[in-house]
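Only one structure is covered here, and it is reproduced in the block below.
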There are 2 protein chains.
Amino acid sequence: METAENRMSSTDIYQTVRNGLITGRFEAGSKLKPEILRKNYDCAASTMREVLFRLSCDGFVSFEEQRGFKVPVSTQNTLEEITSLRTLIEQEGARLSIENGDIDWEARFAAAHHKLAHIESRATAVNDVSPFIDVWSQAEWEFHDTLLSVCGSKMLRQLHRTFYDRFRQHQLLRDPDSMGFRPETLDEHEAILKSAINRDTELCCKLIKEHLHNNLMAYFNQLV
Amino acid sequence: METAENRMSSTDIYQTVRNGLITGRFEAGSKLKPEILRKNYDCAASTMREVLFRLSCDGFVSFEEQRGFKVPVSTQNTLEEITSLRTLIEQEGARLSIENGDIDWEARFAAAHHKLAHIESRATAVNDVSPFIDVWSQAEWEFHDTLLSVCGSKMLRQLHRTFYDRFRQHQLLRDPDSMGFRPETLDEHEAILKSAINRDTELCCKLIKEHLHNNLMAYFNQLV
DNA sequence: ATCAAGAAAAAATTCGATTTATTTTTTAAT
DNA sequence: ATTAAAAAATAAATCGAATTTTTTCTTGAT
């Protein structure tokens with residue numbers, strides 16, 4: 001008998017689709033029809049619907065009653081709101097981490113930065129950065145998450161993750177070729193690392209704000 | 001032919017269950033089985049499951065794969081995290097509203113406070129406050145939401161609403177008879193109103209922090 | 001040609017049943 | 001009496017089809 005391929009659980013499908021959404025695999029504004037998508041994930045339409053509902057709660061897809069699911073359309077205002085909230089949350093998380101963090105945290109944060117800086121300098125030196133996107137994204141995420149890792153609030157970290165990913169999603173919605181990084185991020189990340197390790201809370205918050213503001217501006221400037 | 005009662009849409013059911021959760025109609029830690037609940041809402045188990053997934057995203061119910069849904073158990077730490085995040089968000093919203101708000105906002109905020117104060121003073125004067133819970137809850141929500149109403153960020157307001165409701169849910173999970181209000185809230189609300197209208201951002205943020213901290217403390221003190 | 005009404009198609013929603021996994025109960029051996 | 005394995009019962013997860021609603025297409029009157 002031919003073996004049936006191992007099926008994914010709905011949670012696996014959820015993860016896969018979520019990942020697809022934040023890596024720009026779906027076109028902005030396009031419909032997400034359970035009946036169509038199910039074929040890609042080998043499941044029933046109602047299972048697909050369940051997954052899409054879960055994604056809609058966190059804002060990765062939009063839902064309108066009797067009208068189904070869509071990839072959200074990115075507007076300037078949406079991205080500004082996402083950036084503001086991410087800034088608010090990341091500043092607070094950094095504040096708490098700087099307060100609580102011990103030498104072990106410093107070491108982990110320095111290590112995360114080291115990895116990230118390595119990738120960023122290699123990516124800056126080259127013409128086509130596309131092969132770096134995936135590793136860079138992962139390293140950047142780990143850098144920012146390590147900063148918050150000893151803030152003491154799981155909830156805050158989770159919320160930060162949602163807004164971090166939503167920002168990335170909206171960058172890609174507008175510009176599917178967006179790398180997400182500018183050469184300047186290298187210096188910005190280093191400054192954040194140093195301020196945190198020096199326990200300079202106010203400077204760190206200021207640098208985070210500038211870093212995220214610059215990300216936002218870079219995005220707007222790409223809009224020809 | 002006998003007419004079939006008008007059925008609720010899944011979104012209606014979602015709202016109803018959400019409301020039930022934040023008004024203490026489900027016992028902490030109890031299982032939420034789609035097959036059982038469906039009978040109360042006249043729908044299929046899979047529809048119920050869909051609803052529960054939606055609620056789990058915002059933290060109103062907990063979900064574990066292959067083990068179903070539960071009413072969350074309230075721990076001290078959870079409530080502290082919820083309070084901290086609500087404080088962070090409400091302070092930021094107040095800051096922005098104070099910056100943007102015009103005379104119309106002031107008037108609406110004063111009106112919301114007037115209603116709330118009226119209810120609070122009547123409730124304070126009486127022995128059994130239970131008949132006031134529903135109107136008070138609504139008025140308190142409107143007061144806090146009006147404060148944020150011109151912050152310019154729909155997302156922030158939505159997030160605030162989630163944490164506002166989660167706080168209330170956890171109060172009731174621990175103490176099903178919790179009124180949610182203390183006599184002191186009357187003064188605290190008034191002070192917040194005045195500081196906002198005086199455009200004293202820093203004072204307003206401080207008062208919000210104290211107000212929410214006091215809510216939290218009142219909750220802990222009830223734990224015998 | 002334009003528009004509205006009605007018909008057809010497509011998509012969203014809901015359903016009841018099947019399959020799969022977990023939990024509880026029973027049985028049997030030590 | 002305890003424990004371990006097996007069986008039964010319960011609950012979770014998934015499915016494919018039926019139903020309802022929305023959207024698109026067709027037709028015919030102005």
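Inclusion of B:Gln76 among residues that are of a type in the set (S, T, N, Q), surrounded by fewer than 18 Cβ atoms within 10 Å (Cβ to Cβ), more than 30 Å from B:Leu193 (Cβ to Cβ) and more than 9 Å from DNA strand D (Cβ to nearest atom) is warranted.
Tell me yes or no: at least one residue of the stretch B:27-37 is crowded, with 20+ Cβ neighbours inside 10 Å, touching a residue at least 24 places away in the same chain (Cβ under 8 Å) and within 30 Å of B:His189 (Cβ to Cβ). There is no residue in the stretch B:27-37 that is crowded, with 20+ Cβ neighbours inside 10 Å, touching a residue at least 24 places away in the same chain (Cβ under 8 Å) and within 30 Å of B:His189 (Cβ to Cβ).
Among the residues of the stretch A:182-204, those that are over 18 Å from A:Glu106 (Cβ atoms) and in contact with a helix residue (DSSP H, G or I) (Cβ under 6 Å, 6 or more places away or on another chain) comprise A:Arg182, A:Pro183, A:Leu186, A:Glu188.
Taken over the stretch B:72-110, the criterion of being without any contact (Cβ under 8 Å) to a residue 12 or more places away in the chain and either within 14 Å of chain A (Cβ to nearest Cβ) or of a type outside the set (Asp, Glu) (or both) is satisfied by B:Thr75, B:Asn77, B:Glu81, B:Ser84, B:Leu88, B:Ile103, B:Ala107.
This table checks each residue for (1) more than 13 Å from DNA strand C (Cβ to nearest atom); (2) touching a Lys or Arg at 6+ places or on another chain (Cβ under 6 Å); (3) within 14 Å of chain A (Cβ to nearest Cβ).
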residue	(1), (2), (3)
B:Tyr14	no, yes, yes
B:Tyr41	no, no, no
B:Ser46	no, no, yes
B:Asp58	yes, no, yes
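Scan (1) assigned to a helix (DSSP H, G or I); (2) under 26 Å from A:Ala107 (Cβ atoms); (3) in contact (Cβ under 8 Å) with a residue 24 or more places away in the chain for the single condition A:Val150 breaks and write down its number. The one condition A:Val150 does not meet is (1). Looking at B:Val51, B:Val71, just one residue is away from DNA strand C (no atom under 13 Å from the Cβ), at pLDDT 95 or above and surrounded by 14 or more Cβ atoms within 10 Å (Cβ to Cβ), and that residue is B:Val71. How many of the residues making up the stretch B:49-64 are assigned to a helix (DSSP H, G or I) and under 23 Å from the mean Cα position of the chain (by Cα)? Within the stretch B:49-64, residues that are assigned to a helix (DSSP H, G or I) and under 23 Å from the mean Cα position of the chain (by Cα) number 8. When B:Thr162 is tested against (1) outside any helix (DSSP H, G or I); (2) under 15 Å from the mean Cα position of the chain (by Cα); (3) within 14 Å of another protein chain (Cβ to nearest Cβ), only condition (1) is not met.
Condition check ((1) surrounded by fewer than 20 Cβ atoms within 10 Å (Cβ to Cβ); (2) farther than 21 Å from A:Ala28 by Cα) across all residues:
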position: A:Glu140; (1), (2): no, yes
position: A:Phe143; (1), (2): no, yes
position: A:Lys154; (1), (2): yes, yes
position: A:Arg157; (1), (2): yes, yes
position: A:His160; (1), (2): no, yes
position: A:Leu173; (1), (2): no, no
position: A:Pro183; (1), (2): yes, yes
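Scanning the stretch A:60-71 for residues that are under 24 Å from A:Asn221 (Cα atoms) and within 12 Å of another protein chain (Cβ to nearest Cβ) returns a single hit, A:Phe60.
The values are calculated or read from the model by the stated rules, or taken from the named source; none is laboratory data. Predicted model only: the values in this text are computed from it and were never measured. No Cβ is skipped: glycine too gets one built from the backbone with ideal geometry, and neighbour counts run over all protein chains shown.
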